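The structure under discussion appears below in the form of structure tokens.
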Amino acid sequence: MRAMRTTAALSAVLLATACGGTTPTETTFSPPASSSGAGVPDALRFTAKTLDGRTFDGTSLAGKPVAFWFWAPWCPKCRSEAPAVKAAAAKHGDVAFVGVAGLDTEPAMKDFVRSTGTGDLTHLSDHEGAVWTKLGVSSQSTFVFMKPDGSTLKASGPLTQDELDGHLRTLLSR
């Protein structure tokens, strides 16, 4: 019952923001909220199911630069930026790209991945919004770039190829 209320609340917030656009883009990395045990940021302490049915442990990303892409299958902004995300992931092999899908059924999520050609990325099925909530995301399309130290930068989409590459350069800078 609690999960249904959480899902309903997240869905209401995300639908109210249509396809995103109300979250301002951060321009500097925010320090990690906190870390506990073995230097793992709290934001990475989650497990989720991938669209191909595997269990994904967020702590496996600790110490790596990560680009989280929060999307919904019906979002035209998300669909329009998929080619840029695919190209950026191919260009920046030193960054872990994780798609976080929500607000629809798993078949619709799988169809989005197939039709956009983004199947080489890890995609999480987050229909309850747990990962969205954990990383403070309230609308799609949103990116959360996380440095190895756990500091983050949020950017609302759609992002062009140049904008995405710029954020990734910042992510990889020391």
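Rundown of residues vs (1) at pLDDT 95 or above; (2) in contact with a His (Cβ under 7 Å, 6 or more places away or on another chain); (3) aliphatic (A, V, I, L, M); (4) open to solvent by 20 Å² or more (accessible area, probe 1.4 Å), yes/no style:
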{"position": "Gly102", "(1), (2), (3), (4)": "no, yes, no, no"}
{"position": "Gly117", "(1), (2), (3), (4)": "yes, no, no, yes"}
{"position": "Gly129", "(1), (2), (3), (4)": "no, no, no, no"}
{"position": "Leu168", "(1), (2), (3), (4)": "yes, yes, yes, no"}
For segment 107-145, give me the residue count where each residue is touching a residue at least 40 places away in the same chain (Cβ under 8 Å) and basic (Lys, Arg).
2
Restricted to segment 133-152 and to residues being within 18 Å of Leu61 (Cα to Cα) and among the polar types (S, T, N, Q), the residue surrounded by the most Cβ atoms within 10 Å (Cβ to Cβ) is Thr152
Give me the pairs, please: first residue somewhere in segment 93-106 and in contact (Cβ under 8 Å) with a residue 40 or more places away in the chain and part of a loop (DSSP other than H, G, I, E, B), second residue anywhere and surrounded by 18 or more Cβ atoms within 10 Å (Cβ to Cβ) and of a type in the set (Val, Ile, Thr), beta-carbon distance under 6 Å, and either six or more positions apart or on two chains.
none
Mind listing whichever residues of segment 84-102 are closer than 17 Å to Ala72 by Cβ and in contact with a Gly (Cβ under 8 Å, 6 or more places away or on another chain)?
Val85, Gly102
Please go through segment 31-66 and give me each residue that is surrounded by fewer than 17 Cβ atoms within 10 Å (Cβ to Cβ), assigned to a strand (DSSP E or B), modelled with pLDDT of 60 or more and not basic (Lys, Arg), ordered by number.
Thr47, Thr50, Thr55, Asp57
Somewhere in segment 80-92, is a residue closer than 21 Å to Ala62 by Cα, outside any helix (DSSP H, G or I), touching a residue at least 60 places away in the same chain (Cβ under 8 Å) and not basic (Lys, Arg)?
yes
Any idea which residue in segment 67-95 is farthest from Gly136 (Cα to Cα), counting only those that are open to solvent by 50 Å² or more (accessible area, probe 1.4 Å) and basic (Lys, Arg)?
Lys91
Index of the failed condition, Cys75 passing every other in (1) over 22 Å from Asp42 (Cα atoms); (2) under 11 Å from the mean Cα position of the chain (by Cα)
(2)
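The values are calculated or read from the model by the stated rules, or taken from the named source; none is laboratory data. Predicted model, so just to flag it, every value in this text is computed and none were measured. Glycine gets a Cβ as well: all are built from the backbone with ideal geometry, and neighbour counts include every protein chain shown. When the accessible area is computed, the model is the full protein with side chains, heavy atoms only, and any ligands, DNA or RNA have been set aside. Shrake-Rupley method; radii C 1.70, N 1.55, O 1.52, S 1.80 Å.
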